[in-house]
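Undergrad: Let me begin by handing over the structure; questions about it come next.
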Amino acid sequence: MAPRKLASKRSRKDKAAKGTSSAPEYDSHRFRSAEHQQRFEAIKGRLFLRERRVQLRDNEYTDFQEEIVRQRWASLVTPMAKFDPDIVLEFYANAWPTEEGMQDMRSWVRGQWIPFDANALSQFLGYPLVLEEGQKCEYGQRRNQADEFDEKVIAQLLCIPGQDFARCNIPIFVN
């Protein structure tokens, strides 16, 4: 009698290749959707311009240094020493709006939601701006005084094509 042939075991890769796996068609740990993963692929070749750190002496540009302290901008003027470009690109790819008119002010990075709305940014900066009831920030004051402030031109220059922006005159933190 001839020896019996043993049934070969299929590996997980073989099963996935045959379409029996229910795995998503994109890396769900890194991306919100297949569209966001495609966006990452489209931007992954872009280079980063590193921020330059400026070291000021104690007696140099004292007005400027005092303003940094007054505005609580230390975290803004101190660039990170190291960063992972892939993680930064994931943030931007996942923040990209995929539907017309839909803007979710948070991004998906390595399995975590990262908000970047006004409250999150203010918290990151240490709540630097506290307004009294009815008071406008310096930007709001200058905007109201400017005769040539053209929101349509600004939207064309700064916004994603086909997108717009919304202004909010409501202060985030009020005493």
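The values are calculated or read from the model by the stated rules, or taken from the named source; none is laboratory data. None of the values given here were measured: they were computed from a predicted structure. Here Cβ is always computed from backbone atoms with ideal geometry, including for glycine, and neighbour counts include all displayed protein chains. Only protein heavy atoms, including side chains, enter the accessible area calculation; ligands, DNA and RNA are left aside. Shrake-Rupley method; radii C 1.70, N 1.55, O 1.52, S 1.80 Å.
Undergrad: What list of ³J(HN,Hα) values in whole Hz, one per residue of the range 40-55 in order, does the Karplus curve 6.51 cos²θ - 1.76 cosθ + 1.60 (θ = phi - 60°) give from phi, with Gly and Pro shown as x?
TA: 4, 4, 5, 9, 5, x, 6, 9, 9, 8, 5, 6, 9, 8, 10, 9
Undergrad: Could you give each residue of the range 122-127 its phi-based ³J(HN,Hα) in whole Hz, using Karplus coefficients 6.51, -1.76, 1.60 with θ = phi - 60°, and x for Gly or Pro?
TA: Taking θ as phi minus 60°, the curve returns 5, 5, 4, 7, x, 6 Hz for the range 122-127.
Undergrad: For Phe116, which sequence-distant residues (separation of 5 or more, or a different chain) have an amide H within less than 5 Å of its own amide H, given hydrogens modelled in the peptide plane?
TA: For Phe116, the qualifying residues are Arg106, Ser107.
Undergrad: Okay, moving on. Once the other residues with Cβ under 14 Å from the Cβ of Asp86 are scored (Lys, Arg +1; Asp, Glu -1), what is the net sum?
TA: My count for the surroundings of Asp86 gives +2.
Undergrad: Roll a 1.4 Å probe over the protein heavy atoms and report the accessible area of Tyr139 in Å², nearest 10.
TA: My reading of the accessible area for Tyr139 is about 130 Å².
Undergrad: Something else now. With every protein chain present, what accessible area does Ser75 have (1.4 Å probe, heavy atoms only), rounded to the nearest 10 Å²?
TA: Ser75 has an accessible surface of roughly 50 Å² with all protein chains in place.
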